[in-house]
Each structure stands twice: as C-alpha cells, then as structure tokens.
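The values are calculated or read from the model by the stated rules, or taken from the named source; none is laboratory data. Keep in mind that this is a model prediction, so the values were computed, not measured. Here the Cβ positions follow ideal geometry from the backbone for every residue, glycine too, while neighbour counts run over all protein chains shown. The accessibility values were calculated without ligands, DNA or RNA, using every heavy atom of the protein model including side chains. Shrake-Rupley method; radii C 1.70, N 1.55, O 1.52, S 1.80 Å.
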Amino acid sequence: MGSVTGAVLKMLLLLSIQNWNRVIAGNSYDCDEPLVPALSQASFSSSSELSSSHGPGFAKLNRRDGAGGWSPLVSNKYQWLQIDLGERMEITAVATQGGYGSSDWVTSYLLMFSDGGRNWKQYRQEDSIWGFPGNANADSVVYYRLQPSVKARFLRFIPLEWNPKGRIGMRIEVFGCAYKSEVLDLDGKSSLLYRFDQKSLSPIKDIISLQFKTMQSDGILLHRKGQNGDHITLELRRGKLFLLINSGDTKVPSTHTLINLTLGSLLDDQHWHSVLIQRLGKRVNFTVDEHRQRFHAQGEFSYLDLDSEISFGGIPAPGKSVSFPHKNFHGCLENLYYNGVDIIDLAKQQKPQIITMGNVSFSCSQTQSVPVTFLSPRSYLALPGSSRDDEVSAAFQFRTWNKAGLLLFSELQLVSGGLLLFLNDGKLKLNLYQPGKLPSDITAETAWTIIQHNGSDLTRVRNTNPENPYAGFFEYVASLEQLQATIHRAEHCEQELTYYCKKSRLVNKQDGTPLSWWVGRTNETQTYWGGSLPDPQKCACGREGNCIDSQYYCNCDADRNEWTNDTGFLSYKEHLPVTKIVITDTGRPHSEAAYRLGPLLCRGDRSFWNSASFNTEASYLHFPTFHGELSADVSFFFKTTASSGVFLENLGITDFIRIELRSPALVTFSFDVGNGPFEISVQSPTHFNDNQWHHVRVERNMKEASIQVDHLSPKTQPAPADGHILLQLNSQLFVGGTATRQRGFLGCIRSLQLNGLAVDLEERAKVTPGVEPGCRGHCSSYGKLCLNGGKCREKPRGFSCDCTFSAYTGPFCSNEISAYFGSGSSVIYNFQENYSLSKNSSSHAASFHGDMKLSREMIKLSFRTTRTPSLLLYVSSFYKEYLSVIIAKNGSLQIRYKLNKYQEPDVVTFDFKNMADGQLHHIMINREEEVVFVELDENARRQVHLTSGTEFSAVKSLVLGRILEPSGIDQETALAGAQGFLGCLSAVQLSHVAPLKAALHPSRPALITVSGHVTESSCVSQAGTDATSRERTHSFADHSGTRDDREPRANAIKNDSAVIGGLIAVVVFILLCITAIAVRIYQQKRLYKRNEAKRSENVDSAEAVLKSELNIQNAVSENQKEYFF
C-alpha cells in the first residue's frame, strides 16, 4: 500500500512540475517582436564615436543613414554600445550586422544587461559566460536566441574581436516583448502576512514561486510556522539561499526531521533571481536560477502541521518567535505566487487576506551605490561638503593591497582645521589638526571595534509596575546591517550592562515570571544579565556562587533596601547588541533602579583564522566554480613542511587557474584564458616549507597578472595585446589538491579570500575526509609577537599573549604599566606575611621564600625624576639581606647588594652623569650567583663580582618609593629610603613579579600595600600637546571614612541636600585657599623674573618640566575619543 501511495505522490509531483513548466512557457509565448525600430536616437549611447556620423544612434539593423552604423573612436576591448528600451522588457534574441558598405564588423562580443543602467550583469548560460558569435562580413545578419530569456531595460554590447583589416562596426536588433509583472519593495522592516482557508489547501502539497533582488546578504524571504516546531522557511544567508523544512513526528513528538537545502552564491548582487519550491509529501524540489536540488525524505515527513498563514519578507506576527536569529528581507520581490495565488496583486487590491506590516511599495527602487576605482596615486574624487560646519559624517567600504594611502580629507570650518582618514602600515588612522596645535592621531587598532549608542548615561527608574512598565530604547550610530556584519565577522563581541537596584527585583519569586528584561537584535526577550551565560534568570553572581543571598541567582532578587547591582558583560554574539531594556518593579516605597549600557565592543576577525589542515596528498576541499572572468584576485596563508603541492586549482574546457608550491623555494601562478598557458613565479632565497606562515597574493585582470609572496618583490606578466581576456571556468574549485587527486598539498591553508570574499574552509573541512578544520602551531609562527616576557598561548582560532608574568599588558604585552609617585608615597609587594607561612604558601611568589635559596634574579625598570636622593627599588629578606637601587645625593645611580648581614654591601656605581635630570632612564640588572651584570640606558654596561655572598634567602618584600620600616640597612640606602621617590616609575619587574601591575591592575589576590599618592600615568614625554587638559588620576592614597561602593553615582541620584550644603562649604574654602595662593604666587613672580633674567633661556626647572610632561600625558589619555569606522 505504501508503494502505491508513493507512486501516486510521485505522479502528482511530476504533473505539477509539467503544469508549472507550461506556465513558464506561456509567459514567453510569441515573444519575438523587434524592439529597436521604435526607439529614438536618444535611446542609444556608447563609450565613444569615431565621428558624428558614426554615432550610436545609427546602429539600427539594416539602416544606412549616417555612416551606416556605430564605430568607436578607438577599436579596443574597452568599447561598448548601449540601448535603453524605456522599460523592462523580456528579451528573447539579439542580432548584429557590421557597418554598411565597410570593412568594419565585430566577430565576437559580450552581452550585458541591467535594470537601471548602473549595475550590470553578464549574460550567462549553464553557469558560463558566453561570447556571442559575430559577423563574417558587413551586411549579413547573425541571430542569437537567448535561452533563458532576459528581463531588462538596458542592454550593452561589448566587442571582443573584430575584422583585423578594419575596425569595430555594429548595427543591432533586439527581439522580445513587453514584460508585465507584479513588484513589491520591502525596506528591511516591512513584510506581508497572507491568511487563507486551511481547508482549501493540502497539508502535503505546496508550490511557491518568486523572483527577488537585493543588496543585503541576509533576510527572511518567507516563513510558515506550525505546531510542534513544524515550519517552512526560505532565508538568504551570506548571499546563499537556504530552504529549511522542519517536520515533527506526530507519533514521537520529541523527534524532528530537518531538511536544509542550499543553493546559489552571491545572490545579493542587485540582480533578479528566480526561486521555485515544490513540495509533495516526502519529495521536495528546490530551484534557484535553473539550478535544482531534489530531496526525498525518510520516515514520517509527508504531513506538516502548519498554521493557516504565511509571511513574506520577515516574521512579523506577534508571538511567532523562532529559535534562530533572523532579519527581515530588504529588497524587491516579483511575481510572488503561493499555490497559484498572486500575493502581490492581493496586496495591491488591499484584500483582507493580506496584512501589510511597515512601509510597502509596489515599484522597485534602484540602488544608488556606485563602486569607484582609483587607478593611480594622483586620482581622487571631490564631493560637495556638508551644510553643517561642525559635523562630518562618512561611511564607505574599501579594498586595497596597499598598506598606505589617503582615504578621506575634509576641512572643518568651525575650528579652522581639518580631518584626514588614511592607511598607515595597514592600520586605519584618523588625524585631527588645528592651526597652532600639533595634529592628534587616533589609530584604529585591530584589538577592538567600538560602536556607540544614545544611552550611555546612567538612567534612573522609579514608579513602575507590570501594568505601567518602563522601556528604554537604544539607537546605534551604525545601521542594523552594519551591526550584523560587524558581529558576524568578529571573533568575539561583548557589551557591559550595569544594573543597580534597591528593592527592585529581576524575577517574581512567587511564580518565577521576569520583572525586568532586555531585548537584543533578534527581537527576543532575554532574562539573563551581565556576566552570565544565556541561562534564563541568572546573573554573574549566580554563575560564580557569590550572590549576597544564596537562595537567588541574582543580587537584586534579594530585594534588600540598600543599593546592590548585577553588572557584567553580555557576550553571546547572537543576542547582541542590546536594543531595549524593560523595568517593571520600582513602584513600591523606596524602590528604585538604575542602568547604564556600554558600547558594543567587538574584536578579532573570524575569517583571518579560518583554516583547514590537509593530511594526505589525495585530500582536498571543493567549492563552486570561481567566477573571475574579467578580474580575479586570490589571497591566502599557508604553512607546510612538504616540498611541493597544489594550493588551488579550477579548470575549464581549455582555460584554467592554478597556484602551487612548485619546489621548496618556488611558488607558481599558472593560468590559461585561451591564449595558451602562462606561468609567473616567485623565487625565495629561503625555503617556504619551514612550517611558518607565508602569505600569497595573486591577481589577474585584462591588463596583467601578478603574484606576491610575503614581502618579496611581486612578479607581473602583461596580458597579450590582442589576446583573449575572459577566464572561463566550469569545474569545481579545488583547494588543497586537484581533480586527479595528485600533487595535493600537505599542511595548513587559512584566510582564503576570492575576489575579496572569505571562503569558509572550516565548515567544509568538518564533512570532508582527510581534512581537519583549524590548524595547530600558531605560536611557532607568531609567538615572537608576544613581547616583554609574554607567553604565547595556542587557541582553536589563532593565539593569545599571556602577560601574567610580564610588567606589561595589552594584546601583545606591549603596553607598559607606569605610575607617578607623589612625595612620601610607596608601593610594597609582600611575598609572605611572615617566615613561618612560607612552607604552606600556594602563591606564585612562593618560589622566592621559605627554605629556597635565590641564587639569581632579573630586574628591569624605567624611571624619571629630579629629586636626590631617591629610592627606586628595595628588596628585603627575613635574614636582613637586601638589594637597593638608589640615586645618591650627588645624582649617581647605585645598586647595593648585601647578601650577608655580617658584611658591608657591594656597590655598583654609575656616576658619569646626573641621573636625576628629568629624563627617562632604563635599568636592567641580571645576577647569576656572585656575578652581576648591569645595563643603563642600553649603552652603559658594567659587570662586577659580589663579595658579600651568592644567595638571597627568604625574600620578604619589594618596596618602590619610601621605606616605611627601615631596619639593618646602610646609611645611603636609609637616606634615600627616608626621602622616597618623586617622579615616574615604569615597567618594574623582579623576575616574574611585576609590583606596579599587581597594584594598578590586580588580577589575583596579592599582598600589596599602597600609601600616599600613586597615580597611573605614562613616563613617555609628548611635548607639544595641550597641557591645559585635565589630568586623569587613579589615586591609591589612603582615604578616611567608608561608603557603599555599590551605590550608583550620577547627578540624578546625588540629591541629598546635606551633601549639597557640604559641597558648597568645601567650594568656598577652596576659593579662599586659591586667593591666598594667588597672592603668594604674585609676590614670588616678581622675584622670579629678576632671577630668570640672570639665567639662560633654556635652563628651566627640571622638576617642573617633568611634572608638566606627566600632566600632558595624563591629559592625552583622558581626552582620547572613540570613533566608529
């Protein structure tokens, strides 16, 4: 019985396909009318004309007026003849002639078509670009039928070859008929919902047909949802069409059958593409642009329990949430039929079955995006300026091989300055300048992309309840498309959500319903909060197990009458960015909430580390045909130990393209475009098979072909003067091997890009035998990028630098940690509290103390000061042994080792100059037992042998600045320790301990004591910057009194009148102090002027210079702005 049913269903499907084919054939029936005779001369245009009598208006078939046809000024492959049919027509054939009574005719040509005359597409048949056969003389007519036909308004003829004894000459005709269609334009926020009578349709049969065009790579074209997870969805993802059909088994509700069919590539090209979906029982046919996939399901699939409505362009119906992120379609739909019903016609007639969501129009708007190519360093494009003098807004995409170049320049009238956006060493920089000031650069580092929004201020919320909720919305400076593209491309994204609460819960403890929530870009409600994984109704404290009330997963749910918070980073990319926050529980007495949402932060490039490992010579990855007919560029990284292998190959009938490692030191690019095979190679003085990453860049266009490997000189091959120009390929693209499974590549390939588009190697490698996704050993190639003692750590996608035991921070451990020490301040790093604890210590510093004998250490630091004497660094032990680095009273630098408490210290002195000169100095001390090597400023070096001992026993503490408890130290160290240090210390490191980093950037509990004024700063001078800017301080000075640091601080919340009165009193007191100081300064100023006249102009107070430069540096840090590119 089952076989009979299957046969009946198969027969019905075949009949439906035949009926559909008759409909298609009916549209093109009797469509061969000549279209050119009715056109005026204004409908013709061309690249150039030989004379006025050779103009394009004389190019009608069989016409003899003028010179008898069109001829360009110069006969080459850059000429074209174009006609405007006035409206979209269906074109079924073309015909050509040469120039009347001449030796001018074209022997082959290309045909291109367009709807708007700006975005052109070459005519293709069976996925190949056809060069049309032309004429053999001037008067005969050569016809060519277009199968399939073309729907377009504009046609362009591009001559490829012509009579070698004449020039280009053409007369043309186009055959076809009027093309009538129903068109719908959706703006990315709109959609249609079609509701129908369920009884009139079969649950096992669906036929859907449509055409679409768009410039957006993602969007829902149609969606029909049902019960138990059943649904049919047609979705555009990354330029490909996905047909998703999910069928729940009615007998076993927990099991589902998911059909996922994929067709097409680069469908976001702003050209029309046709789609046909036919479902009958277990059989599904999916057709896109003449390419078809068939699917025959197994098991209980024939019945789909679907609702009696279907949406087009999005999922607009309330409550119709889906389990996958989705985005509405932005573009045009044409001839949309669902089971024979004309959906667009119903919408135009405003029938009640159609519900329109958002702005819908019934004509297809033309995009205004135009790509521009800059052919030389001297070429540029000048555009009208903005009407507002204080505002500049620009958005664009670009692609280049060059590491440097100016992208944008604009004058700023309001500040009489300018703005420059440029590439410098591959990095994007923004330069702002004003007359009389040095220009300031803002560099777009590869670490983070920052996207701001309108809700970055702390917002206070009161008097809300579930019936009267508060809703805050966030609008970003980037469009939804830009946000989605940034997040999809990034390796990691995060957004900090700070939520303060006082008697304001996130969840109702009685029934578990959420009282506050947020919404992301998928328009789905989320009830987890910062620092938590996407677990419903959880916060960071619930994940870490340290909530203030262990009964709850969030601090706010404790419902206490005091300020607390649930704060952290949201990092689940599919839910970001946050677009809305809703708060409903601030209506009770003393109930209050406040929130702040940080910018969207994204880092990394998924495509950069997208890689595959090829383990056998017969293994390869295959992809659709590479279409680089007129222009092709390929780039990738490779790593191998093999002596040869093919990286990439794509074949045609005679044409081909191949990139390979020909020998250990030779990479070759070979190709054939119909002129015979060509080869160009790059020879390296060293071998490429060194298991290090190497970068290959290959390009071929109508002018030349080129190849470059790493930073070696590129090699080029000019194209033949009168040869073929089209690269016609028709096989699959093979990566890592060849179609013959010979000469395959052994090793890793990553970051493969074809014509600027990333190829997903990892996804294909997951299902390909002999190929593994990802590559190992990134640290062997990139470990040297981890600087200053940072350790390279392997990651599944790339690497990271671990700066735990470095005095530096940042992605590559290259950002020094520096601090300004005020008078009497100090930082004390205790290795242990007392000697008896050492044996039980688990800290990483435990290797310094206990019974361990320290026979070697490495010390590095930088400093700037003008005070003598000064103590830079002091290391003590429980046995009264110590090491001190000081600046003596005479300005000399002294390193004093005392490794035996019964002997005097050994002293290494640098007295060739005053080290308290306000300049930046670097010290490195390396001890191996009794041998000490000291380097000062990378040029003064000294090696000495200690007499006091060879081992440091039971290290107690490290002191920077003032010694608070001097004991058993020599007089010079005691004098310097009492004075302390006034100035800047930077990158201080004792072996693997970095005391400044532990104090300023604590990552783990450490026994750190900070006293006095210690401010994070930079010791590097940047003269010329505006010194009047505010100083950014991070003070660790002792403070009296306590406060609840969990309470949010904002002007909206500081409303206590007593506090305001206290502030007024403080302000009055400060003003009185300032007045007294000003009088004193005025009295000293006259004395200073008299003394200054006696001194040289260039002799300023070194201490004042130092303080000024430190303030400048802090001001630069404070005034950095964030820019979104």
Just to be sure I understand the filter: pairs with C-beta atoms under 7 Å, separated by 6 or more residues or on different chains, first member in region 99-127 and outside the structural domain of THR625 (by the TED database) and in a loop (DSSP other than H, G, I, E, B), second member buried (at least 16 other Cβ atoms within 10 Å of the Cβ) and at pLDDT below 85. Which pairs pass?
ASN119/GLN270; TYR123/TRP130
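Condition check ((1) open to solvent by 40 Å² or more (accessible area, probe 1.4 Å); (2) in a strand (DSSP E or B); (3) not assigned by the TED database to the domain that holds ILE886) across all residues:
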site	(1), (2), (3)
GLY918	no, no, no
HIS922	yes, yes, no
ILE925	no, yes, no
VAL934	no, yes, no
GLU938	yes, no, no
ARG941	yes, yes, no
SER948	no, no, no
SER957	no, yes, no
What are the residues in region 613-653 that are open to solvent by 10 Å² or more (accessible area, probe 1.4 Å), among the hydrophobic types (A, V, I, L, M, F, W, C) and not in a loop (DSSP other than H, G, I, E, B), if any?
PHE623, PHE637, LEU651
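Is it true that some residue in region 1004-1011 is open to solvent by 30 Å² or more (accessible area, probe 1.4 Å) and over 12 Å from ILE828 (Cα atoms)?
Scanning region 1004-1011 turns up at least one residue that is open to solvent by 30 Å² or more (accessible area, probe 1.4 Å) and over 12 Å from ILE828 (Cα atoms).
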Is it fair to say SER247 is modelled with pLDDT under 85 and open to solvent by 10 Å² or more (accessible area, probe 1.4 Å)?
no
Count of residues meeting criterion [at pLDDT 80 or above and part of a strand (DSSP E or B)] in region 252-291
18
Restricting the search to region 964-992, which residues are surrounded by fewer than 24 Cβ atoms within 10 Å (Cβ to Cβ), in contact (Cβ under 8 Å) with a residue 40 or more places away in the chain and among the hydrophobic types (A, V, I, L, M, F, W, C)?
LEU964, ILE969, LEU975, LEU982, ALA987, LEU990
Subset of region 922-970, residues under 44 Å from the mean Cα position of the chain (by Cα) and within 22 Å of THR868 (Cα to Cα), comes to HIS922, ILE923, MET924, ILE925, GLU935, LEU936, ASP937, LEU958, VAL959, LEU960, GLY961
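Pick from ASN939, ASN900: which is at pLDDT below 90 and within 25 Å of ALA974 (Cβ to Cβ)?
Details: ASN939 fails: within 25 Å of ALA974 (Cβ to Cβ).
Of ASN939, ASN900, the one residue that is at pLDDT below 90 and within 25 Å of ALA974 (Cβ to Cβ) is ASN900.
So, in region 468-488, exactly how many residues are part of a loop (DSSP other than H, G, I, E, B) and closer than 15 Å to ASP605 by Cα? Outline the logic, then answer.
Step one: of region 468-488, the residues part of a loop (DSSP other than H, G, I, E, B) are 469, 474-475, 477-479.
Retained after the next criterion (residues that are closer than 15 Å to ASP605 by Cα): none.
Qualifying residue count, region 468-488: 0.
Conditions (1) free of Cβ contacts under 8 Å to residues at least 40 places away in the same chain; (2) touching a Pro at 6+ places or on another chain (Cβ under 8 Å); (3) part of a loop (DSSP other than H, G, I, E, B), marked per residue:
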{"site": "LEU533", "(1), (2), (3)": "yes, no, yes"}
{"site": "GLY542", "(1), (2), (3)": "yes, no, no"}
{"site": "GLU562", "(1), (2), (3)": "no, no, yes"}
{"site": "PHE608", "(1), (2), (3)": "no, no, yes"}
Tell me the strands (runs of 3 or more DSSP E) entirely within region 654-716 that contain at least 1 residues that are open to solvent by less than 10 Å² (accessible area, probe 1.4 Å) and under 18 Å from VAL735 (Cβ atoms).
656-663, 666-672, 694-700, 704-709
Being under 20 Å from ALA42 (Cα atoms), in contact (Cβ under 8 Å) with a residue 60 or more places away in the chain, buried (at least 16 other Cβ atoms within 10 Å of the Cβ) and not assigned by the TED database to the domain that holds ASP268 narrows it down to one residue among ALA95, ALA152; which is it?
ALA152
What residue, among those in region 401-456 that are among the polar types (S, T, N, Q) and not in a strand (DSSP E or B), is modelled with the lowest pLDDT?
THR446
